[in-house]
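Enquirer: I have a structure here, written as structure tokens, and I will follow up with some questions on it.
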Amino acid sequence: DSLDPRLKNLGKENSSFTFLPGVGYNPATSVVVGFNATKSWYMGKTGVTNNSSANLSASYTAKGQFKFSFQQNVFTDRNDWNFQGDARLWLFTQNTYGLGTETKPANSQDMDFNLVRFNENILKKVSKNLYLGIGYSLEYYYIITTVDSSGLFLYPNHNNVYSRDYGLDSSKSISSGIAMNFYYDSRDNTVNAYRGAMLNIHYYNYNTIFGSQANWQKLEVDARAYQPLNKKSTNRLAFWLLGTYVLNGRPPYMSLTSTGWDKYNTSGRGYIQGRFRGRQYLYGEIAERIDISNNGLFGIVFFVNATTTTNPENNVNLFDYIEPAGGLGLRIKFDKYSRTNLCIDFAIGNYGSNGIFFSIGEFF
């Protein structure tokens, strides 16, 4: 074995666990009480194995929302296998505005729903930094209702009008099917990258054979790149492009991509979760991250992002309407080995939209 002897360990000294209980705030949930636990570790030799990460969170909000989520990105020894997962049980309420980026705040309607999500993918390394795999995806929304400001049932509403047009049940929806995965990852750290790139492409085929409410297919692309601006990487740029394209079929209203519904619910800062929704969806962000203390304990970030979605009923295409947002934030490093940060961002969007957003690790 020609490896450097310093790499012949399983990296126990580089594993970390972060547990953050407490009270927070999010524009979609108001005051939140709960916890967030993050684990970063190595399942093989640290010089030739990416760090694995897992995130477990549970919360209860002032709006009566309950969220339980577990996400992971695990690499085995020498990165031979990669396991990606996203599991959730949410008893939730959220505003929805209809389809397209041209929607106005006056379009807002309150929705109550429960969600069970199980999305698990198994990938095999086929060459350096490149993986191919297969997975299963389930999204089950049930007890879906729309209410007015008095809490009374509201008809018609965005969900039931869309569902009626596509011959779907507006009170529940099941999307169940297989996924095919193409994954490239050259990042130096999966929790908080300083350099490298990541490209994750998922093809989903939801079909009634697997219990899906309707047959439909989509392509989802998540691309990220990181570039240090100095030798010590204390000043660096981060780029994020997230896109979803419905290839065909009848996706349920709730399964259409919308603001802040990515794997870690971190996209679209500046807007409330669920603000923009559409069959085709494109989101981009650029951020500059700067360490402001010599030991990297404190940092700041400046960022801008933009969202565009479609509404075929009104002939609204991608880029017809683009909604920008931007802001700044504080970073507090909890663990120097995993680079786990507490992230607190303030962002402003269009139509007077603004909010404070929290994350553990990094937003992307």
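The values are calculated or read from the model by the stated rules, or taken from the named source; none is laboratory data. Only a predicted model underlies this, so the values are computations on that prediction, with no experimental measurement involved. All Cβ positions, even for glycine, are placed from backbone atoms using ideal geometry, and neighbour counts span all protein chains on display. Surface accessibility is based on the protein's heavy atoms, side chains included, excluding ligands, DNA and RNA. Shrake-Rupley method; radii C 1.70, N 1.55, O 1.52, S 1.80 Å.
Enquirer: If Trp261 passes every condition in (1) under 25 Å from Asn350 (Cα atoms); (2) touching a strand residue (DSSP E or B) at 6+ places or on another chain (Cβ under 7 Å); (3) of a type outside the set (Lys, Arg) but one, which one does it miss?
Expert: The number of the failed condition is (2).
Enquirer: Only one of these conditions is not met by Asn230: (1) surrounded by 16 or more Cβ atoms within 10 Å (Cβ to Cβ); (2) without any contact (Cβ under 8 Å) to a residue 60 or more places away in the chain. Which number is it?
Expert: So the condition that Asn230 fails would be (1).
Enquirer: Do you know which of the residues in the range 288-303 that are open to solvent by less than 80 Å² (accessible area, probe 1.4 Å) and of a type in the set (A, V, I, L, M, F, W, C) is nearest to the chain's Cα centre (by Cα)?
Expert: Within the range 288-303, the match that is nearest to the chain's Cα centre (by Cα) is Phe303.
Enquirer: Let me ask something else about it. Search the range 63-81 for residues that are part of a helix (DSSP H, G or I) and pair each with any residue that is open to solvent by less than 60 Å² (accessible area, probe 1.4 Å) and among the hydrophobic types (A, V, I, L, M, F, W, C) when their beta-carbon atoms are under 9 Å apart and the residues are at least 6 apart or on different chains.
Expert: Close Cβ pairs (under 9 Å, with a partner that is open to solvent by less than 60 Å² (accessible area, probe 1.4 Å) and among the hydrophobic types (A, V, I, L, M, F, W, C)) amount to Asp77/Val48; Arg78/Val48; Asn79/Val48.
Enquirer: Shifting gears a bit: How many residues are assigned to a strand (DSSP E or B) and either touching a His at 6+ places or on another chain (Cβ under 7 Å) or open to solvent by 20 Å² or more (accessible area, probe 1.4 Å) (or both) if we restrict to the range 109-138?
Expert: The total comes to 19.
Enquirer: For residues in the range 157-192 being among the β-branched types (Val, Ile, Thr) and farther than 30 Å from Glu313 by Cβ, which is surrounded by the most Cβ atoms within 10 Å (Cβ to Cβ)?
Expert: Out of the qualifying residues, it is Val191.
Enquirer: For the range 97-108, which residues satisfy the criterion of being touching a Gly at 6+ places or on another chain (Cβ under 8 Å) and either polar (S, T, N, Q) or in a strand (DSSP E or B) (or both)?
Expert: Thr101, Asn107
Enquirer: A follow-up question, please. Pull up the range 311-342, narrow it to residues that are open to solvent by 70 Å² or more (accessible area, probe 1.4 Å) and of a type in the set (Ser, Thr, Tyr), then point me to the one that is farthest from Pro251 (Cα to Cα).
Expert: Per the criteria, the residue is Tyr337.
Enquirer: Just the residues that are under 20 Å from Lys333 (Cβ atoms), assigned to a loop (DSSP other than H, G, I, E, B) and open to solvent by less than 20 Å² (accessible area, probe 1.4 Å), please, taken from the range 194-227.
Expert: If the condition is that a residue be under 20 Å from Lys333 (Cβ atoms), assigned to a loop (DSSP other than H, G, I, E, B) and open to solvent by less than 20 Å² (accessible area, probe 1.4 Å), then no residue fits.
Enquirer: Please specify each residue of the range 44-60 satisfying the condition of being open to solvent by 20 Å² or more (accessible area, probe 1.4 Å) and under 19 Å from Ser127 (Cα atoms).
Expert: Result: Lys45, Thr46, Gly47, Val48, Asn50.
Enquirer: Determine which member of the set Asn50, Asn36 is part of a strand (DSSP E or B), touching a strand residue (DSSP E or B) at 6+ places or on another chain (Cβ under 7 Å) and touching a residue at least 12 places away in the same chain (Cβ under 8 Å).
Expert: When all the criteria are applied, what remains is Asn36.
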